[in-house]
1. Mind counting the residues in region 75-121 that are assigned to a helix (DSSP H, G or I), farther than 19 Å from Gly20 by Cα and of a type in the set (S, T, N, Q)?
2. Within region 1-40, track down each residue that is surrounded by 16 or more Cβ atoms within 10 Å (Cβ to Cβ) and of a type in the set (Ser, Thr, Tyr).
3. Residue under question is Ala70, and the condition is that it be in contact (Cβ under 8 Å) with a residue 60 or more places away in the chain and more than 24 Å from Ala118 (Cα to Cα); does it hold?
4. Got a number for residues in region 18-76 being over 10 Å from the mean Cα position of the chain (by Cα), closer than 20 Å to Ala101 by Cβ and of a type outside the set (A, V, I, L, M, F, W, C)?
Amino acid sequence: MTRTGMTRVLATGILAGVAGGLAEVAWVSLYAAVTGWDAATVARGVTDTLRLTTEAPVAAGIAIHMGIAATLGVAVAAALRPLRAQLDAFAFHVAVIGVLAAVWAINFQLVLPVINPAFVTIVPFSVSFVSKLMFGIAAAACLTIADRRRLSRVARS
């Protein structure tokens, strides 16, 4: 991969990850609004999982979540880049969402039960799973739009 290609994957991956992270925050906030539950519990859970002590655990949890989301976005963009030219938009969205579903399964079935079992039960599995699917939808949309913009610029030059 060229330096320009790496920069593009990094930039679009960060954007996709931030969009995905925000989609998760929005979904959990909607769940909280509908149920009367406190969405800040998830942010505090993120901070607790990393065993951080801070005066602002909710803000720290959101910042950590967004940093992880950006990193995940870059990983997804890099991993699926070779397939992008072979897939139409729908198939690409399915692939991204599938990757995020796998990430959820690994996190909630293998990793989190070991490092912070309490985090797994903060929200129902269905809510956390839909949250990760929302990440996938938002990330796939960002990656698709970025790809279309790049192709449009190439066609004009």
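Readers should treat all values here as calculations from the given coordinates under stated rules, not as data from a laboratory. Quick caveat: nothing in here was measured; it's all calculated off a predicted structure. Here the Cβ is made from the backbone with ideal geometry for all residues, glycine too, and neighbour counts use every protein chain on show.
1. Adding up the residues that qualify gives 1.
2. Scanning region 1-40 gives Thr12, Tyr31.
3. Spelling it out, it is not the case that Ala70 is in contact (Cβ under 8 Å) with a residue 60 or more places away in the chain and more than 24 Å from Ala118 (Cα to Cα).
4. Selection size over region 18-76: 1.
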